[in-house]
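Have a look at the structure below, then the notes.
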Amino acid sequence: MKADAAEVFEEVGETTTKLLQRVFYRSFEYQGELLTLLGRAVKAIWKEGVHLGDFTRQLTSVGTESVPIVLLTVGFSGAVLALYTVGSLTNLGIGNLLGGIVALSIVRETGPLITAVTLIARVGSGITAEIGAMKTSEQVDALRAMGISPVAYLVVPRLLACLIMGPVTTLFGDAAGVFGGGVIAVNQGQTARQYTDSFRQLLEPNGSDIFEGLLKALVFGAIIALIACREGLETKGGAAGVGRSTNRAVVFTIILVFAADFVLTWFFKAKSVI
């Protein structure tokens, strides 16, 4: 009986190890595919330029139409952050630092990350569904038949729009998050002046905190666009395939964005220590 149990555990261990190895190798392979697509996009920009009509439409879709959602999500996040911390800070006798703590948390971490998740849900899924529908209806093949590069026509405008509007929407989100925290601070008895004065105590005067957040937003924008376009171009199987590709794009993008957030935070932390 003990021998049978040992064999079962051994088999489970071997299966788990093989599965983890496949996931590990596949993750690196997938990242290589994304870098390849990025290289093809850069090459297409260099050789063929940018299709301005579609680029303008993507700017509107990624930026203008996403801003209201970003304002709401990050604004409420800032309010929740202030609501959770104001009591503890007051009890510790440092309630005057609430504004600085909220602002620092928003511009470095919460703002870029929640903005990215919002864009994944709204923009990334939309890009995958749109390109996936074009792939299954053979419109992508028609572009190739006409001598038009799908990368230049479909990927480049969306990639550039996400690279530009990712940081821009993050700035709007940062402002909304800090404002949301301010509403809670005033509601809890602080003055607006006290709230804003604490910014200078914790935020770097050279703006490096804001720069770090915007750099994260830039990387997140690239990840969102590349995965969405990659999954769209690889779509197979009709309408059901479009649904599967969209689901994969959202899941993979969220995972990679959080992983990139960890790596970038580690890098900035190490740089500040040095």
Considering every residue within region 48-68, establish whether at least one is at pLDDT 90 or above and small (Gly, Ala, Ser).
-> yes
Looking at region 123-137, is at least one residue in contact (Cβ under 8 Å) with a residue 24 or more places away in the chain, under 30 Å from residue 203 (Cβ atoms) and in a helix (DSSP H, G or I)?
-> yes
Among the candidates 214, 160, 256, 226, residue that is touching a Pro at 6+ places or on another chain (Cβ under 6 Å) and surrounded by 15 or more Cβ atoms within 10 Å (Cβ to Cβ) = 214
Since residue 93 meets every condition but one in (1) without any contact (Cβ under 8 Å) to a residue 12 or more places away in the chain; (2) part of a helix (DSSP H, G or I), which condition does it not meet?
-> (2)
Give region 166-189 a look and list any residue that's surrounded by fewer than 24 Cβ atoms within 10 Å (Cβ to Cβ) and within 10 Å of residue 79 (Cβ to Cβ), or say none.
-> 179, 182, 183, 184, 187
Got a sec? Which of 208, 198 is surrounded by 21 or more Cβ atoms within 10 Å (Cβ to Cβ) and over 25 Å from residue 160 (Cβ atoms)?
-> 198
Extreme residue, farthest from residue 130 (Cα to Cα), among residues of region 242-274 that are at pLDDT below 90 and of a type outside the set (A, V, I, L, M, F, W, C) | 272
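So that you can scan it fast, the table gives a plain yes or no per residue for (1) buried (at least 19 other Cβ atoms within 10 Å of the Cβ); (2) at pLDDT 90 or above; (3) touching a Gly at 6+ places or on another chain (Cβ under 9 Å); (4) within 21 Å of residue 253 (Cα to Cα):
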{"site": "98", "(1), (2), (3), (4)": "yes, no, yes, no"}
{"site": "112", "(1), (2), (3), (4)": "yes, yes, yes, yes"}
{"site": "120", "(1), (2), (3), (4)": "yes, yes, no, yes"}
{"site": "129", "(1), (2), (3), (4)": "yes, yes, yes, yes"}
Please indicate, with yes or no, whether at least one residue in region 146-153 is within 15 Å of residue 230 (Cα to Cα) and aromatic (Phe, Trp, Tyr).
-> yes
Please work out if residue 147 is of a type in the set (Gly, Ala, Ser), at pLDDT below 95 and part of a helix (DSSP H, G or I).
-> no
Checked against (1) in contact with a Phe, Trp or Tyr (Cβ under 7 Å, 6 or more places away or on another chain); (2) of a type in the set (Gly, Ala, Ser); (3) more than 26 Å from residue 251 (Cβ to Cβ), residue 161 satisfies every condition except (3)
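The values are calculated or read from the model by the stated rules, or taken from the named source; none is laboratory data. Treat the numbers as computed from the prediction; the structure is a model and nothing was measured. FYI the Cβ positions are ideal-geometry reconstructions off the backbone, even for glycines, and counts take in every protein chain you see.
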